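Participant: First the structure, which I've put down as structure tokens, then a few questions once you've had a look.
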Amino acid sequence: MKMSQTRRLERLKERYLNGGMSRRTFLGLTAAAAAGAGINLKWGSSALAAAKEVRFDGWGGSVQEAMDKYAFKPYTAKTGNNVVQGTFGDENEIITKVKTASPGEFQVIHSSGVEYYKRYVDAGLTTKLNDANIPNMANIMQVMFEPFRKISPDLSCVPYDYGTTGIAYNTKVISEAEAKEKGVNLLFDPKYKDKIGGYGNMITRVWYAALALGQDPNAIKDIDAVWDKVREQRDLAKKYWSSGAELMDLLSKGEVVVTDAWSGRVAALQAQGAPIGYLDPPGSYAWMEDLLVLKGAPMAECEELLNFMLQPEVMIAVAEGQSYPPALDPTKVKLTDKVKALPAFDPTGKMASLTFADAAYWDKHTDEWTKTWDRIAKGA
């Protein structure tokens, strides 16, 4: 038994030295393995206490650059705790990694909303935040907590920002009048064949196909017709993008002239002077992002980081940097004109004008529809 645990210690050491886990996780797992082998590591507790860092995984690009500049670096300067960062392009990618990782390897995720939150909860990957350690939660729009609490009354996340996936178009090719007239049908217009883009994500593809058919994306009546519409758009599209950076590149270079797009990335392009217009047609897909703390994460450090990131001045700076409205309640916190001008900003604090995915509905269909979408994306 001791020999087996010794081998385990060697494997942990090798994995740590190869960059496969954080220092905190390595120390914690090593201490546990050593205890199981009857080995007393006197350095264990003191070294673990000194391992002040939090692992954060987000969307990269301008969004994470804003967080790094206005949240993580000031947090480290104030507390001495480091934020070790990773990135992902699609949240399905990070969920898969979390499921196969040891508890604590992944700690805080910049997650893309309620439907994904349910998947983390159902997989047993969440924890329970102590609200008393995060007093700045009081500044957040309370309506944003409601869909998360319906999934689990013990919150493992805090809403942080929100936005929409609307229609972006090149104003040198498509006029504002044409965009407003055609709305979502711009994504299916043969006139722009091989100049159309889209997010290569099942929910987005099904959502906009349903809207184009006049169906409610949260209560689809004819999914076969929706899949036919998805195929129609696939045959017109030049490329499906997989990250915000790729979206911005396709639009800025003119490789696509119309695409569904994340509102904040479009705002960033507009700030750079790119000739890009943006439209939120009725029923366009709205989403709220959250800071999700995973099971096995160092709770004290994570709650401290979340409370720091939820300070109004930090959230406003991040919002202006990433071009997505903050989850701050505009009836409680004075926001800047720049924040108020961001796409999708809701001045009421009630979010009633935005259309969000029904988490229970989409969770029921996600596995089946993802398999169908994967086949269609490959040409079926």
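The values are calculated or read from the model by the stated rules, or taken from the named source; none is laboratory data. Everything quoted here is computed from the prediction, not taken from an experiment. We place every Cβ from the backbone using ideal geometry, glycine too, and count neighbours over all the protein chains shown. Side chains included, ligands, DNA and RNA excluded: accessible areas come from the protein's heavy atoms. Shrake-Rupley method; radii C 1.70, N 1.55, O 1.52, S 1.80 Å.
Participant: In this model, which of Lys253/Lys340; Lys73/Lys371; Lys78/Lys295 are farther than 32 Å apart at the alpha-carbon?
Facilitator: Beyond 32 Å between Cα atoms: Lys73/Lys371.
Participant: Quick one: which residues, 5+ away or cross-chain, put their amide H under 5 Å from the amide H of Ser102? H built at 1.01 Å from N.
Facilitator: Close amide H contacts, sequence-distant or interchain: none at all.
Participant: Modelled label-to-label distance, Met299 and Asn92, 7 Å Cα→beta-carbon offset: nm?
Facilitator: About 3.4 nm separates the two model spin labels.
Participant: Oh, and also: Calculated FRET efficiency, Thr336 and Thr100, Cβ-Cβ r, R0 35 Å, to nearest 0.05?
Facilitator: Computed FRET efficiency for Thr336 and Thr100 comes out at 0.25.
Participant: So, one more: With point charges of +1 on the Cβ of Lys and Arg and -1 on the Cβ of Asp and Glu, referenced to the Cα centre of segment 246-380, which listed residue (Pro312, Val257, Leu294) lies farthest in the positive direction of the dipole?
Facilitator: The residue sitting most towards the positive pole is Val257.
Participant: Using Cα positions and a limit of under 23 Å, work out the lysines in reach of Lys378, with same-chain residues fewer than 8 apart set aside.
Facilitator: By straight Cα distance, Lys378 reaches Lys193, Lys195, Lys229, Lys238, Lys239.
Participant: Right, something else. Where nothing but the Cβ of Lys and Arg (+1) and of Asp and Glu (-1) is charged, how large is the charge dipole of the chain around its Cα centre, in debye to the nearest 20?
Facilitator: Here the size comes out at about 1200 debye.
Participant: While we're looking at this one, here's another question. Roughly how many percent of the accessible protein surface of the chain is carbon and sulfur, given a 1.4 Å probe and a whole-percent answer?
Facilitator: Accessible surface attributable to carbon and sulfur in the chain totals 50 percent.
Participant: Over the chain, with the other protein chains present, what is the accessible area per residue in square angstrom, probe 1.4 angstrom?
Facilitator: Heavy-atom accessible area per residue stands at 44 Å².
Participant: How much FRET efficiency would the formula 1/(1 + (r/R0)^6) give for Lys172 and Asp194, where r is the Cβ-Cβ distance and R0 is 22 Å, rounded to 0.05?
Facilitator: After rounding, the FRET efficiency stands at 0.85.
Participant: Right, something else. If DNA, RNA and ligands are ignored and the probe is 1.4 Å, what is the ranking of Thr348, Thr100 by accessible area, most exposed first?
Facilitator: These residues rank, largest area first, as Thr100, Thr348.
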